[in-house]
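Working notes for the structure below.
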2 protein chains.
Amino acid sequence: MSKSVLELTPVEAVACCSPVTSEPLSAEAADRIVPLVKAIADPVRLRLVSLVASHADGEACVCDLNDAFDLSQPTISHHLKLLHESGILDREKRGVWVYYRVNAGALRDLAALLGGVTA
Amino acid sequence: MSKSVLELTPVEAVACCSPVTSEPLSAEAADRIVPLVKAIADPVRLRLVSLVASHADGEACVCDLNDAFDLSQPTISHHLKLLHESGILDREKRGVWVYYRVNAGALRDLAALLGGVTA
DNA sequence: TGTCTATGTTGACATCCGTCGATGTCTGGT
DNA sequence: ACCAGACATCGACGGATGTCAACATAGACA
C-alpha cells in the first residue's frame, strides 16, 4: 500500500522528484523538499552532520558531539532532534548512550535533486 | 593575487571544500557554506531557481516570475536579491527588463559537497 | 532503593526572516 | 517634458528559529 503524498517524509519527497533544473517545481513539491534543506541550513547542524559522517564507524554519540561546540547540551539535543525528524540522521539508543548516524541516501538524493544530473 | 578566505563568496567557499561526509567541517567553513544553503532553504526561492533553470533559454525576466506566485512584486524582488547575492542567480539588465539565470556551477558544487562523491 | 550520568523536554527570550504597502529609480515612448 | 511600466528599496509587522536555564526521564550500578 502506497503512502499518500501528504504522508511522505522530507526524504521520500526529495527522492521522488525530478531535479530542480529540469522542470518547474510545484508549490507542493517545494514545501515537501524545503524541510530537508532547512535542516542543514544552519552552521551547527551542518557541522553535526559532518561530524557524525566522518566519525569512526560512521556514528557518534551525543557526548562526543556536545564537546565539539561551545553550546549548551539542550541546544545540541534540539539540533539533533531536527536532523533526526527530517530524516538526515538515524538514532539508536544503546544503554545510556544515543548514537547518531547519517542517512546517506537522504544526502545523496538531495545532492541529485540540486545537481540536476547524477550517475 | 589570491583572495583572503574572508573575502570568498559563498559559492567559492563551497567549491573549495571537501565533502561534508569526508572530514569534520570547521566552524569557519560551515559559516561560509551555510549562506548558500539558506538561499535555497525557502519554498519560494527553491521554486524561483527551478523556474529560471527550466525556462526557455535558461533565463527568465522578473515579470515572468512574478506571475508564478501569489506574492507581491517586492517580495519576489527580495527573494531574487537573496539568490543573486548568494551567487545562485546571475542578473542581467536588458532595456526595461531584468533577466535572471542560474549559476549552474554553484548548484553543482553544492550538490557535490552534500553528496560526498561526484563524478 | 537511591544516586549518578547521559540525554530529552519545556518555557522564555532575543533575533532573524518572510511579507506587505508605500515610495524611489530607471527606461522607453509620446 | 511628461507619463507609464518594470523593477528595486524602505520601514513595519508577525511569525519562525536558535539559544539558554531549569526540569524531567531513563538506564547503570552500588
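The values are calculated or read from the model by the stated rules, or taken from the named source; none is laboratory data. Note that this is a predicted model, so its numbers are computed, not measured. Backbone-built Cβ (ideal geometry, glycine too); neighbour counts: all protein chains shown. Keep in mind that these areas ignore ligands, DNA and RNA; they rest on the heavy atoms of the full protein, side chains included. Shrake-Rupley method; radii C 1.70, N 1.55, O 1.52, S 1.80 Å.
Scanning segment B:28-49 for residues that are over 13 Å from the mean Cα position of the chain (by Cα) and at the interface with chain A (Cβ under 7 Å from one of its Cβ atoms), which turns out least open to solvent (accessible area, probe 1.4 Å)? My answer is B:Ala30.
Taken residue by residue, segment B:80-95 has no member that is in contact with a His (Cβ under 7 Å, 6 or more places away or on another chain) and more than 9 Å from DNA strand D (Cβ to nearest atom).
One residue stands out in segment A:69-119 among those that are part of a helix (DSSP H, G or I) and touching a residue at least 60 places away in the same chain (Cβ under 8 Å): the one that is surrounded by the fewest Cβ atoms within 10 Å (Cβ to Cβ), namely A:Gly105. Of all residues in segment B:54-68, those being more than 9 Å from DNA strand D (Cβ to nearest atom) and either exposed (fewer than 14 other Cβ atoms within 10 Å of the Cβ) or in a helix (DSSP H, G or I) (or both) number 5. Note on segment B:10-46: residues that are assigned to a helix (DSSP H, G or I), at pLDDT 75 or above and in contact with a helix residue (DSSP H, G or I) (Cβ under 8 Å, 6 or more places away or on another chain) total 16. Considering the conditions (1) more than 12 Å from every other protein chain (Cβ to nearest Cβ); (2) farther than 20 Å from A:Ala112 by Cβ; (3) of a type outside the set (A, V, I, L, M, F, W, C), A:Gly87 is excluded by exactly one of them, (2).
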